[in-house]
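Working notes, beginning with the structure itself.
FYI, it's all coordinate maths here, none of it is from the lab. If you're wondering where the values come from, they're calculated on a predicted model, not measured in any experiment. Quick reminder, even Gly has a Cβ in these numbers, built from the backbone with ideal geometry, and neighbours come from all protein chains shown.
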Amino acid sequence: MRLREPFHHYWRPLPTLMLAGVLSALYFVLTGTVWAVTGEFTRLGGHVLHWLGVDTTGWAYFDLVKLQGSSFERSDGWIVWGMFVGALVMVLLANNFKIRMPQQRRRWAQALLGGVLAGFGARLAMGCNLAAFFTGVPQFSLHAWFFVVASALGTLLGTRLIRQRWWKGKPTLIKGGLKPEAPATSRTQPVFGYVLAAVYLALVAYFFMSGQARLGLGALFGALFGILIERGQICFTSAFRDLWVMGRAVMAKAIIAGMAISAVITVYAIAGQGLHPITQLTAPGTLVGGLIFGLGIVMATSCETGMMFRMMEGQVLYVAVFAGNIVGATLLAYAWDHLDVYDLLMAGGEKINLVGKLGPGGAIGFTLGLLALLYLFTLAVEKRHLARSLAALRA
């Protein structure tokens, strides 16, 4: 039991996301790239197509995301695998791994469809809740703000959808005892957690010692991000859903704070060290992709980060969400030129970075100002729900 106690309680969202903001900015300083996952999901889809014998020569989107080598030869790949490992280590140390199946069969289809929409929308907008949101805003790419607004509207639409009776289906009653289930006391999981952590740290050390520093950084920071998302239960879907449904803004406010501190560090790196911010197209596809993404993550009940740590907890449903993300991203890669998605939604776009338009001082001022407005908006929604709850109690 003693092995479990230090990891028994989750971390508060605010310090966890502020630390995530610092680490994401530091990763940019060290590598010139950002914390992101769905680009690698797209590449994984390309690898699956190659394994199935599909010739993707000439697919413009795969050229855009640079589909070369294997996932284990890319720092972006190790960000993803590191997140899985970091989350799993913390789950095991907390003695919290348990195979969990959904109570309703319809949840499989809903999770898969939601994952497909999320993957498709994310790659259409050239990012997800990370590269077009949490790490996109601190990169001062204008497309990120369009994505924030569109994905928020998508989640609002999604919350209304999932509250429909036909979507929820009939509740499943489970027979249980009067006493709450006792927590697990086995020491097996923590032992596996320590062993996995030791093996993974050895792998990270090997990358650095063998001159593969970029892979080492990807693997190291991926694990750190995985630890944070699991310990903080960081899920953008929960942040939006809780805000819209209950007026609970704890996670939303923490996300805003994390982006603010990341933006401050990032602008210093851009201005002081001459680093070039990552900028994506601002186009109609950004809005369409963000809307689809927001709808999809609510249907799937999880964004990419939430999906990853929930999979590591043993929630099998999120394997379907993960598969759906890869399928959706791959479908977008096909539709990009084969179905003229690029010509219809992206061709007229422009890469606009606030640093280039306003200078470093103007960019950070503008960004922090918008984040402050976003924070005030979450407070207004929170107060509105509180007022409604109090009025209902008095009635």
Report task. Find all pairs meeting these conditions: Cβ atoms under 9 angstrom apart; at least six residues apart or on different chains; first residue within segment 214-230 and more than 14 Å from Ala36 (Cα to Cα); second residue of a type in the set (Phe, Trp, Tyr) and not in a helix (DSSP H, G or I). Result -> Leu228/Trp11; Glu230/Tyr10
Report summary line: The one condition Val327 fails out of (1) surrounded by 16 or more Cβ atoms within 10 Å (Cβ to Cβ); (2) touching a strand residue (DSSP E or B) at 6+ places or on another chain (Cβ under 6 Å); (3) not hydroxyl-bearing (Ser, Thr, Tyr) is (2)
Report task. Report whether or not Gln103 is without any contact (Cβ under 8 Å) to a residue 12 or more places away in the chain and surrounded by fewer than 20 Cβ atoms within 10 Å (Cβ to Cβ). Result -> no
**Report entry** Whichever residue in segment 330-370 is among the polar types (S, T, N, Q) and closer than 27 Å to Asp63 by Cα and, among such residues, is nearest to the chain's Cα centre (by Cα)
**Finding:** Thr330
Query raised in the report: Within segment 223-242, is even one residue among the small types (Gly, Ala, Ser) and more than 23 Å from Met90 (Cβ to Cβ)?
Result: no
Report summary line: Only one of (1) touching a residue at least 12 places away in the same chain (Cβ under 8 Å); (2) out of contact with any Lys or Arg (no Cβ under 7 Å at 6 or more places or on another chain); (3) not in a loop (DSSP other than H, G, I, E, B) does not apply to Met90, and that is (2)
Query raised in the report: From the list Asp63, Asp55, which one is under 21 Å from Ala125 (Cα atoms) and free of Cβ contacts under 8 Å to residues at least 60 places away in the same chain?
Result: Asp63
Query - Selection within segment 338-354 - surrounded by 15 or more Cβ atoms within 10 Å (Cβ to Cβ) and over 14 Å from Ala144 (Cα atoms) - result: Val341, Tyr342, Leu345, Met346
Report summary line: segment 203-301: helices (runs of 4 or more DSSP H) wholly inside it with 2 or more residues that are under 21 Å from Thr367 (Cβ atoms) and out of contact with any strand residue (DSSP E or B) (no Cβ under 9 Å at 6 or more places or on another chain) are 236-246, 250-273, 284-300
